[in-house]
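Visitor: Dropping a structure here in structure tokens format, bear with me for questions.
The values are calculated or read from the model by the stated rules, or taken from the named source; none is laboratory data. No experiment lies behind these values; they were computed from the predicted model shown. Cβ placement follows ideal geometry from the backbone for every residue including glycine, while neighbour counts extend to all protein chains displayed. These area figures cover heavy atoms from the full protein model, side chains too; ligands, DNA and RNA do not enter into them. Shrake-Rupley method; radii C 1.70, N 1.55, O 1.52, S 1.80 Å.
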Amino acid sequence: MNKCKLKVELYYALMPLKEQLIIGHEKVSAKEILLIKISDKSGFYGWGECAPLRGVHPYSFEECVDLAYDFAEDFDHFEIDPQKFSPEAPFAGLIALDNEAADEADDEADEADEADEADEADEEETPPALLFAFEQALWSWYFNKYPKQKEKYFITTPTSKLRVHKLINNLQKLPHASELSSKHPEIYKIKVARKGVSLQEELSLLENFIKNNAHPEDQFIFDANGGFTLESCQAFLEGVSKFLPLERIRYLEDPFKDKGELSQSLPLKVAYAIDDLFLEYLNNLADIPASVSTIIIRPTLLSLGALCTLLQEVRPPLQVVFSSTYDTHLTLNFYESLASLKCLHPLLGRSHGLDTSKYTLGDPFSATTPTTPTPKLISKLL
């Protein structure tokens with residue numbers, strides 16, 4: 001495992017969505033994707049994906065591309081020491097190159113310190129989704145080159161595989177019956193409290209779906225995207241309880257806009273999960289109310305290093321669920337690997353929000369080859 005230089009290449013892809021999404025106040029009909037390829041002279045490589053989603057990530061695709069060029073140039077001043085690589089902090093293996101004479105040890109140390117300080121400053125200013133993409137590419141390169149290291153870091157038993165709950169964005173536009181039918185119990189995540197849909201209409205759609213499509217042991221996640229008040233949440237639960245036992249509801253996801261309402265008591269009780277609201281507790285997990293059973297994390301909102309640090313601060317009974325921002329198969333597959341890390345696996349829930357590929361078209365990565373893009377679907381930037 002010798003030190004080596006790495007080459008960075010940047011590519012562009014456009015991935016349309018099957019139908020327009022409204023996220024916050026943003027309308028999204030396609031995702032622009034910046035792909036980062038990191039390779040060495042031996043031909044080993046890894047890919048990373050940076051694709052900020054409007055309405056979710058607080059920075060633009062253009063900002064990420066501009067910074068990616070600078071970040072790629074910075075790699076010319078570093079080499080990687082595989083002995084220092086860590087999957088929880090891939091940048092730890094990068095070492096600044098010294099351009100002075102080999103015997104100038106003091107100068108080397110000074111330059112390394114300066115490079116570390118500059119790197120820390122870059123991490124503070126760089127959008128986390130871009131950091132995540134470079135870390136993802138480094139991670140993939142490392143385990144492509146050193147596959148035997150997987151035994152050291154990963155759980156490889158069948159139970160390590162993530163379960164994915166089925167996403168239904170709109171009960172008025174249900175997937176094909178063949179996709180819904182199952183001989184085994186499923187977990188469904190269904191969007192509720194949608195604008196323009198009355199409570200009675202929503203309850204009618206839910207009742208019809210559950211009676212005609214659901215397995216008697218199916219469980220449900222209802223995602224309100226902050227659309228409930230305390231009163232409307234109670235009315236929703238009262239209505240649902242007439243055709244669905246409340247114990248089959250895993251949790252209500254982001255029921256309220258105001259985090260203060262999470263602590264308010266309702267006559268009918270179900271567990272809550274926080275997604276968008278989670279960011280308000282990012283620096284103090286101890287303040288998360290007892291009513292919250294699950295925190296939902298979109299990993300690309302954090303750098304990989306920050307995500308791993310955060311996950312190791314989570315304490316039971318809280319569990320963590322990953323959620324996709326309509327990512328490509330490259331990143332959906334990467335979440336599977338991330339969840340198999342020995343240090344993280346016990347902290348994660350067993351059903352995750354990664355059922356988004358059915359809403360995308362022209363994914364540059366396929367489900368069968370999730371680590372290598374289709375050449376005709378990408379174009380080179382650098």
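Visitor: Tell me which of these G353 doesn't satisfy, since it passes every other one: (1) in contact with an Asp or Glu (Cβ under 9 Å, 6 or more places away or on another chain); (2) open to solvent by 40 Å² or more (accessible area, probe 1.4 Å); (3) at pLDDT below 90; (4) not hydrophobic (A, V, I, L, M, F, W, C).
Guide: Status for G353: all satisfied but (2).
Visitor: Where in the range 150-239 are the strands (runs of 3 or more DSSP E), entirely inside, with at least 1 residues that are within 30 Å of L344 (Cβ to Cβ), open to solvent by less than 70 Å² (accessible area, probe 1.4 Å) and modelled with pLDDT of 90 or more?
Guide: Ranges flagged: 187-191, 219-223.
Visitor: Is there a residue being under 21 Å from I36 (Cβ atoms), out of contact with any helix residue (DSSP H, G or I) (no Cβ under 8 Å at 6 or more places or on another chain) and assigned to a helix (DSSP H, G or I) anywhere in the range 359-374?
Guide: no
Visitor: Tell me which of these F85 doesn't satisfy, since it passes every other one: (1) in contact (Cβ under 8 Å) with a residue 60 or more places away in the chain; (2) under 26 Å from H345 (Cβ atoms).
Guide: Of (1) in contact (Cβ under 8 Å) with a residue 60 or more places away in the chain; (2) under 26 Å from H345 (Cβ atoms), only one is false for F85: (1).
Visitor: Further question: Every residue in the range 282-306 that is open to solvent by less than 20 Å² (accessible area, probe 1.4 Å), hydroxyl-bearing (S, T, Y), outside any helix (DSSP H, G or I) and in contact with a strand residue (DSSP E or B) (Cβ under 9 Å, 6 or more places away or on another chain), please.
Guide: T294
Visitor: Another question about this same structure. Name every residue in the range 99-127 that is open to solvent by less than 40 Å² (accessible area, probe 1.4 Å) and at pLDDT 50 or above, in order of residue number.
Guide: T126, P127
Visitor: Between a residue in the range 184-197 that is in contact (Cβ under 8 Å) with a residue 40 or more places away in the chain and any residue that is crowded, with 19+ Cβ neighbours inside 10 Å and of a type in the set (S, T, Y), which pairs come within a Cβ distance under 8 Å, given they are 6 or more apart or on different chains?
Guide: I187/S351
Visitor: Determine whether L332 is assigned to a helix (DSSP H, G or I), open to solvent by less than 10 Å² (accessible area, probe 1.4 Å) and under 24 Å from F154 (Cβ atoms). Can you show your working first?
Guide: Numbers: assigned to a helix (DSSP H, G or I): yes; open to solvent by less than 10 Å² (accessible area, probe 1.4 Å): no; under 24 Å from F154 (Cβ atoms): yes.
Here the answer is no, as L332 does not meet what is asked.
Visitor: Enumerate the strands (runs of 3 or more DSSP E) found wholly within the range 1-60, keeping only those where 2 or more residues are farther than 15 Å from Y142 by Cβ and among the charged types (D, E, K, R).
Guide: 7-23, 26-39
Visitor: Can you tell me how many residues in the range 336-350 are in contact (Cβ under 8 Å) with a residue 40 or more places away in the chain and open to solvent by 30 Å² or more (accessible area, probe 1.4 Å)?
Guide: 5
Visitor: May I ask you to say which residue of L268, L279, L237 is out of contact with any strand residue (DSSP E or B) (no Cβ under 7 Å at 6 or more places or on another chain) and over 24 Å from N169 (Cα atoms)?
Guide: Residue meeting the stated conditions: L268.
Visitor: Take the conditions at pLDDT 90 or above, in contact with a strand residue (DSSP E or B) (Cβ under 8 Å, 6 or more places away or on another chain), more than 22 Å from T300 (Cα to Cα) and open to solvent by less than 70 Å² (accessible area, probe 1.4 Å) and apply them to F78. Does it pass?
Guide: So F78 fits the description; yes.
Visitor: Another one. Taking the range 240-256, which residues are over 20 Å from the mean Cα position of the chain (by Cα), surrounded by 15 or more Cβ atoms within 10 Å (Cβ to Cβ) and assigned to a loop (DSSP other than H, G, I, E, B)?
Guide: Within the range 240-256, L244, P255, F256 qualify.
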